[in-house]
Amino acid sequence: MRPRALGLLLGLVAVPLALGGQLRLDRTPNLSGTWVVDPGVLQFNFLHRFYVFPAAQQHAVANFPTFTFALGLPARVNLGTRYSTHSETPDHGNEIELYGRWRVLGGPTAPVAVSVTPAWNAIARSADGELSLDWTHARYTLSGAVRGMTKPFGAKPAKAALAGGAVIRLNNYVAVAGDVASFLSPDSTQKAAWSAGIQVVIPGSPHTFSLHASNVTVNTIEGSSKRGSFSSKQGGVRRVAANVLYGFEFTIPFHFKRFAPWFHSGGGAKAVAAGEPGAAAATVRMAQLKFQADSIAIGAGQIVRWVNADPLEHTVTFDAPDAPPGSPLIPMGGSYGVRFDKPGAYTYHCTPHPFMKGVVVVK
C-alpha cells in the first residue's frame, strides 16, 4: 500500500479532539466509570494483556485480549459488547457480554456523574449490572461501582461486588490510575481484582493509550470483579492464577459523519470562509494529506484561500500567537480565507494531521 493511501486510511479514524472522542482521562484500567460515547460515534477499545510464565517454563507467554464496541445514542445512552478470547466460566473458551449504559446524571464537565449498566453475559447466562458513580475535582477523579450477577461464572447463587478506583491527571495528556474490586462473599478462589497504570492522550488525535499491570484476564463485569485464572498446558493441564499480567489498551472512535461523503455526492459540503470574501491572491489546495503549495508569497493586505480536496477534514492552524486566527474544521469541498495585513513569515499546520505544514510569506 502506498504511503499516501495508507495515510488517508489512517486519517479516517484520526479525528481531531474538537469532534469528541475520549477527551478526558477519567477511566481506570478495569473500570468504565460513567463515561459514555458521544451520539453518532462507534467506540472501539482494544485491550491486550500478557501473562509470562516462570523461567522453569521457558518464559512462555499467554495472551488475553478483550475487544469492546460501543455505539453512542442520544440521551447519553450506549449499546455495546465485550468479547474476550478467554472466559472465566469453566469449560468455555470465549466470553461475550452484551450491555447498555445510561448516564443518568452529570456529564463530561459535571463534578458528579451517575450511570447504570445492565448487561447479559452470554457464556455464563447471567444477568449482570453495575451502578457507577464518578466524582471529579480539578485533576482528580474518584470512581465507585456496585455490581450484581444472577449467575456468576455460570453457577448460582447470585453475588454482588464492589469496585473503586482513582485517576490523577498530571496534565491534559498524561494520567496515572488504579482500581480494586472484590465480591462481597468471595469463595476461596475469588481473590480481589486490581490494576494500576499510566494513560496518555495522543496529541492531535482522539486516541488514548495506556500501559498497565493487573490480575484480571477478562474485562467484563464478572471478569473484572476477581483475580483472573486460566487453563494452561504448561507443566501439565491445570488452572493458573493470574497474579500479575502486563498489557495495554488503545481506543479508537469512529465518527459516522466523517463517512458521509462516501454516500452523498455533491452539495454536502459548504464552504467555510473567514475574513473578507474577496478575490484571493493565492490558493492552497489540500489534497492527499498535504498542502500542495507548502510555501507561498503574497503582498501585505492580500488574501490566501485554502481549499480542501481531501475526503478528510483539515484545519489551518498558525503557529505564532500573533498570527491571524486559525480556521475551524474545513470539510471536503470547503474553503477558508485569511487576509494578511502585516509582513512576516507565518508558519501553519493542520491540527488533526500535524505532519501537514506550510508557510505564508507576506512582503
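Where a number appears in this text, it was derived from the coordinates with a stated rule and is not lab data. Given the structure is predicted, the values throughout are model-derived calculations rather than measurements. For neighbour counting, all protein chains shown are included, and Cβ atoms are generated from backbone atoms with ideal geometry for every residue, glycine included.
Radius of gyration over Kirkwood radius for the range 188-232, both on Cα atoms: the Rg/Rh ratio is 1.13. Compared with the alpha-carbon gap, the fully stretched path from Asp319 to Ile96 is longer by 75.6 nm at 0.36 nm per residue.
For the range 272-362, the relative contact order is 34 percent, taking Cα pairs closer than 8 Å that sit 6 or more residues apart in sequence and dividing their mean separation by the residue count. Taking only the Cα atoms of the range 16-257, the ratio Rg/Rh comes out at 0.96, with Rh defined as the Kirkwood radius. Each of Ser185, Ser84 was scored by other Cβ atoms within 10 Å of its Cβ. Listed from fewest to most, they are Ser185, Ser84. Here the range 272-362 is treated as a sphere whose radius is the Kirkwood value from Cα pairs; by Stokes-Einstein at 20 °C and 1.002 mPa s it diffuses with a coefficient of 168 µm²/s. Exposure proxy ranking for Ser214, Ser126, based on other Cβ atoms within 10 angstrom of each Cβ and starting from the fewest, stands as Ser126, Ser214. Residues Met332, Met356, Met286, arranged from fewest to most other Cβ atoms within 10 angstrom of their Cβ, appear as Met332, Met356, Met286. For the range 335-340, putting each phi into the Karplus relation 6.51 cos²θ - 1.76 cosθ + 1.60 with θ = phi - 60° gives couplings of 9, 8, x, 9, 9, 10 Hz, in residue order, rounded to whole numbers and with x for Gly and Pro.
Among the trypsin sites (Lys or Arg not before Pro) in the range 37-142, those located in a DSSP loop and surrounded by at most 11 other Cβ atoms within 10 Å of their own Cβ are Arg125. Between the range 110-137 and the range 148-227, how many Å separate their Cα centres? Value for the Cα centre distance between the two parts: 12 Å. Which residues does the label zone of Lys156 cover in the range 185-229, counting backbone N under 12 Å from a point 7 Å along Cα→Cβ? None, by backbone N distance to the label point. Note on the range 290-336: the alpha carbon radius of gyration divided by the globular reference 2.2 N^0.38 Å gives 1.20.
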